[in-house]
Structure formats: C-alpha cells, structure tokens
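The values are calculated or read from the model by the stated rules, or taken from the named source; none is laboratory data. Keep in mind that this is a model prediction, so the values were computed, not measured. With ideal geometry, Cβ positions are generated from the backbone for all residues, glycine too; neighbour counts draw on all protein chains shown.
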C-alpha cells in the first residue's frame, strides 16, 4: 500500500521564488551530500521522481540509478515519490513505498514495458503531491508530466538523458523490416530527427539537463539544448559490489586467467554479434584457452546462442541469462577482462561496475558514455570502431589477448581501474552533484517564471503528445512478436531494499 501523498503542504510558486536566491549560495562550498541537504533544508523537501518503471522487470541501468537516488534522497530526509506507468504484474514489495501509478498500455513485443496513457486525474494527482522539484529519469513522453507541472505550478524540473535515440529504434522492428534499407532510411532521416527535436523541446522546457558523460553534453548541445547541462556519472552501490565474494559462478572448465565477460541486455544495439565474430576470428586463434561469458537476456538472446554455435564457440561461450543485481558481483569478481562493443550507451553502467571491481576493460570508443569512463592505456583500452571494421576488430582482439596473456599488465590496469572508478562513481559525490543541479534548476525556474503566463498551459496538449508518441510505439510493438525476456525468472530488488 502506498503512503498517502496528499497531506496539506502549501507551496505556491511565490513561496518557491522567495527561497530561490539563496539556494545556490548556500550550496556553494558544500563538501558532502549530507551538508548539501542541510543547506537545501525544506526547499526540496518533496521530490517527484519520474521513471519508466515502477516495477523493475529486468536488469535496467537507468532504473537502478533511479533506485539509488530514491534511497539516498530518502536517507537524507527527503520525501520521494516515484511517478511511473502502472504495472499489473507488480507485487507490493517491488514498488516504492510512495508512488503514483499512471494508467498505461503494455508494449506487446517487450513484456514488462508499460506506456503511460494520461488521464485528467493524473494531472490532478501531480498537483496534489505538492512537489518542490521533479527529476525526470526518462526519455519517453512521460517527461510531459514534468513539463506540465513546471509550466503550470512553477515546479523546478531537472531532466536526465537515458537513451541514445538513433540506436534503439530497431528494437521494435521485426527482422524483415530491420533488414530493409528503405525502412532504416525512413527512421534515420525522418523519424529519429523528429523524435530528437521533440526531445530537445522538452529538455529546453525544463530547468536543466543531466547527462552521464561529457560526450553526451556535446551531443545535445549540437542538437540545440540551451538549458544548463550537468555531467553527473552514475554511482556504483558499494553494498552491492564491495561485499565478500561468494561461490565462483563460472563453468568449472573456464580456467582463471582466460575469462572474458560482458554484461548487457541481449539486443541488436549492444553489438553482441560483432563481439562473437571477433572473438572467433581474432581471439581464439591467438589464445585458444580464452572463454567468453555473456551475462544477460533480451530479445536476441537465442539468436546470439545460435550464432556462437555456428562459429564453433559452443564449448567456450556461456550464456547464464539474467542475474539479479544483488548477485552480479561474482560475475565481475571471478572474471579477468571485461569486453564491450556497444556504441549506443548514454553511460554504460556495466562498464562502471566492471572498473569498480578491478576489471580492465576493452571497449570501442563510442564518443558517449563508455568513452567517458575509460582512460586508454591506464584502466583498459578504448579503440576506434572503424571506419575499417575488420581492422578495428583485429585491434580489439589483439588487446583482449594482450590482457589475457600478460597477468602483470592485467593486474596493474585492474588496480588503476578500481582507483579511478571509485573517484568517478563515488555515491556521495554523485548525490552532491545532483543537489548542485537541483539548486541550479531552482534558480533557472525562478528567473523564467513560467507560471506568470496569462494563459495556463492546458492539460490537453501534453495528453495529446504523450498519447500520440506512446500510441505510435504501441503500434510498432504490434509488428514484432513478443520476445522472451528474463528466462531465469529473476526478480530484481525493490526500491526500498538493498
């Protein structure tokens, strides 16, 4: 049962305005997240957190990050309400203690994904929640709720970029359409630019944008985002990754010193096909004892297994499926090298986790999230993905082999990986940076004063936009048959547990 959201809490825009001028000054010079809270005081007592999932149906870095901030903000005294699409499959313990569930449609081809379809009551509930600020951890049309609250109630809005749009559209396409050059041109030349323009409009209607890596800051600036952009890497949860390791989960014949691991969703965008090919052609001939473990699940899981068999890798590849976040540390801790070929990451939380646990990483330079985490030659190798893909694959394979065959190099890079990751992904620093971004959002909102407009922004406009966009995605989801996800039946942790 959700905690009641609607106790009396007067908080008109004029009251917010009186508090604005001192917030940033108070935060300036704060040395920790806890002192940041003391400075903020009641100014951000009630925080709304918009998220694409109320129940986390499968491993999802963005929602794990939302869970982290939810717990940390609550621990520091904030009242945090998670706003997201209703999930009929959710058990009570999987939901946040305080939440608003919005009516939604299921994405047929992707079980567990719900698409919000707004009703007038949703907007009334948001007003009654009396938020002092909203953090929008979504790149879907769900952000329309935050934009509407800002324009009508003067609630400061901070958006977080969670998706690289050009890389994800093909996940809803059936194989026949995905292989069509015409269909891909339509998406790349028309639909994706339209979606990016709509996203830029939403971001510029907020008071700030959080990106997870410097490359994403450049990406959105080039597309026209003009609000303040804050680079805040995701935190790594020490309670999950710094505990004592339990039993080795790898197959017994996968010898220590030869284990390459990758953790990711098994979808086209992660370039697992490329990793399997280069492992077969560039790694195994030079290092016959090398093994490859691919932790995760997704729409293309079975195809990747079949590809491994076709390449003659059945005996040296392992597909354990999805693993609960509380059990993932062993897959990093007993591995030797982490490999990552994805070019679609707004951050790449798994790379951060691997580095945190002391695994050197070999990855392609995506000029986005992954590139912002790896220091080439220090904690791993960051390699150009092209334009000559064969040469790029060869370089990738050679560096994997180098790390497997040189234990001292591997150990040295692993130690540096651990040191740098613990500086970059320190939980206290990440929360402190979020406080700074919220303070900036408060100031930006007070200066723009959107609630002073003579005509209030109608509920009809955001309802239409959300319904059209999510209706389009729902329709596309009918084109591809439902995929199998999370075959292990793993229940990811709830919002209030760690």
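Please enumerate the residues belonging to region 213-232 that are at pLDDT 95 or above and in a loop (DSSP other than H, G, I, E, B).
Within region 213-232, 223, 224, 225, 226, 227, 228, 232 qualify.
Out of 160, 147, which single residue is in contact with a helix residue (DSSP H, G or I) (Cβ under 9 Å, 6 or more places away or on another chain) and modelled with pLDDT of 95 or more?
Result: 160 is the single residue among 160, 147 that is in contact with a helix residue (DSSP H, G or I) (Cβ under 9 Å, 6 or more places away or on another chain) and modelled with pLDDT of 95 or more.
Here is a check on your reading of the model: is residue 382 at pLDDT 95 or above, in contact with a helix residue (DSSP H, G or I) (Cβ under 8 Å, 6 or more places away or on another chain), in the same structural domain as residue 287 (by TED's automatic domain parsing) and within 27 Å of residue 288 (Cα to Cα)? Working first, answer last.
Values: at pLDDT 95 or above: yes; in contact with a helix residue (DSSP H, G or I) (Cβ under 8 Å, 6 or more places away or on another chain): no; in the same structural domain as residue 287 (by TED's automatic domain parsing): yes; within 27 Å of residue 288 (Cα to Cα): yes.
Here the answer is no, as residue 382 does not meet what is asked.
Would you mind telling me which numbered condition in (1) touching a helix residue (DSSP H, G or I) at 6+ places or on another chain (Cβ under 8 Å); (2) surrounded by 22 or more Cβ atoms within 10 Å (Cβ to Cβ) residue 331 fails?
So residue 331 meets the others, but not (1).
Do any helices (runs of 4 or more DSSP H) lying entirely in region 281-390 carry at least 2 residues that are free of Cβ contacts under 8 Å to residues at least 24 places away in the same chain, and which ones are they?
Numbers: elements: 301-310, 329-333, 349-356.
Qualifying helices (runs of 4 or more DSSP H): 301-310.
Sort out for me the strands (runs of 3 or more DSSP E) sitting completely within region 50-158 that have 3 or more residues that are crowded, with 19+ Cβ neighbours inside 10 Å. Before the answer, list the steps.
Numbers: elements: 79-85, 99-102, 104-106, 114-116, 133-137.
Qualifying strands (runs of 3 or more DSSP E): 79-85, 99-102, 114-116, 133-137.
Inspect all residues belonging to region 439-446 and state whether any of them is buried (at least 20 other Cβ atoms within 10 Å of the Cβ), assigned by TED's automatic domain parsing to the domain that holds residue 214, within 25 Å of residue 347 (Cα to Cα) and touching a helix residue (DSSP H, G or I) at 6+ places or on another chain (Cβ under 6 Å).
Yes; the residues of region 439-446 include at least one that is buried (at least 20 other Cβ atoms within 10 Å of the Cβ), assigned by TED's automatic domain parsing to the domain that holds residue 214, within 25 Å of residue 347 (Cα to Cα) and touching a helix residue (DSSP H, G or I) at 6+ places or on another chain (Cβ under 6 Å).
Against the condition touching a strand residue (DSSP E or B) at 6+ places or on another chain (Cβ under 7 Å) and touching a residue at least 24 places away in the same chain (Cβ under 8 Å), how does residue 150 come out, does it pass? Walk me through how you get there before you give the answer.
On the way: touching a strand residue (DSSP E or B) at 6+ places or on another chain (Cβ under 7 Å): yes; touching a residue at least 24 places away in the same chain (Cβ under 8 Å): yes.
So residue 150 passes the test.
Do we have residue 403 as assigned to a helix (DSSP H, G or I), in contact (Cβ under 8 Å) with a residue 12 or more places away in the chain, more than 28 Å from residue 216 (Cβ to Cβ) and over 28 Å from the mean Cα position of the chain (by Cα) here?
Values: assigned to a helix (DSSP H, G or I): yes; in contact (Cβ under 8 Å) with a residue 12 or more places away in the chain: yes; more than 28 Å from residue 216 (Cβ to Cβ): no; over 28 Å from the mean Cα position of the chain (by Cα): yes.
In short, no.
Would you pick out the residues in region 254-280 that are in a helix (DSSP H, G or I), without any contact (Cβ under 8 Å) to a residue 60 or more places away in the chain and farther than 14 Å from residue 397 by Cβ?
First, pick out the residues of region 254-280 that are in a helix (DSSP H, G or I): 268-270, 272-280.
With without any contact (Cβ under 8 Å) to a residue 60 or more places away in the chain added as a condition, the list becomes 273, 276, 280.
The one that is in a helix (DSSP H, G or I), without any contact (Cβ under 8 Å) to a residue 60 or more places away in the chain and farther than 14 Å from residue 397 by Cβ: 273.
Output the residues belonging to region 173-217 that are within 18 Å of the chain's Cα centre (by Cα) and closer than 29 Å to residue 155 by Cβ. Give the derivation first.
Filtering region 173-217 down to residues within 18 Å of the chain's Cα centre (by Cα) leaves 196, 199, 203, 208-217.
Of everything in region 173-217, those that are within 18 Å of the chain's Cα centre (by Cα) and closer than 29 Å to residue 155 by Cβ turn out to be 196, 199, 203, 208, 209, 210, 211, 212, 213, 214, 216, 217.
Examine region 181-203 for a residue that is part of a loop (DSSP other than H, G, I, E, B), assigned by TED's automatic domain parsing to the domain that holds residue 443 and either at pLDDT below 90 or farther than 26 Å from residue 458 by Cα (or both), and state whether such a residue exists. Full working, then the answer.
We begin by selecting, within region 181-203, every residue part of a loop (DSSP other than H, G, I, E, B); these are none.
No, there is no match, as no residue in region 181-203 is part of a loop (DSSP other than H, G, I, E, B), assigned by TED's automatic domain parsing to the domain that holds residue 443 and either at pLDDT below 90 or farther than 26 Å from residue 458 by Cα (or both).
Of the residues 354, 339, only one is in contact with a strand residue (DSSP E or B) (Cβ under 9 Å, 6 or more places away or on another chain), buried (at least 22 other Cβ atoms within 10 Å of the Cβ), in the same structural domain as residue 244 (by TED's automatic domain parsing) and more than 19 Å from residue 419 (Cβ to Cβ); which? It would help to see each step written out before you state the result.
Details: 354 fails: more than 19 Å from residue 419 (Cβ to Cβ).
Sole residue among the options that is in contact with a strand residue (DSSP E or B) (Cβ under 9 Å, 6 or more places away or on another chain), buried (at least 22 other Cβ atoms within 10 Å of the Cβ), in the same structural domain as residue 244 (by TED's automatic domain parsing) and more than 19 Å from residue 419 (Cβ to Cβ): 339.
Of all residues in region 403-419, which are in contact with a helix residue (DSSP H, G or I) (Cβ under 7 Å, 6 or more places away or on another chain) and either more than 26 Å from residue 232 (Cα to Cα) or surrounded by fewer than 18 Cβ atoms within 10 Å (Cβ to Cβ) (or both)?
403, 409, 410, 418
Could you identify the single residue in 251, 288 that is farther than 28 Å from residue 67 by Cα, surrounded by fewer than 18 Cβ atoms within 10 Å (Cβ to Cβ) and in contact with a strand residue (DSSP E or B) (Cβ under 7 Å, 6 or more places away or on another chain)? Walk me through it before giving the result.
Working: 288 fails: in contact with a strand residue (DSSP E or B) (Cβ under 7 Å, 6 or more places away or on another chain).
Only one candidate passes the filter, namely 251.
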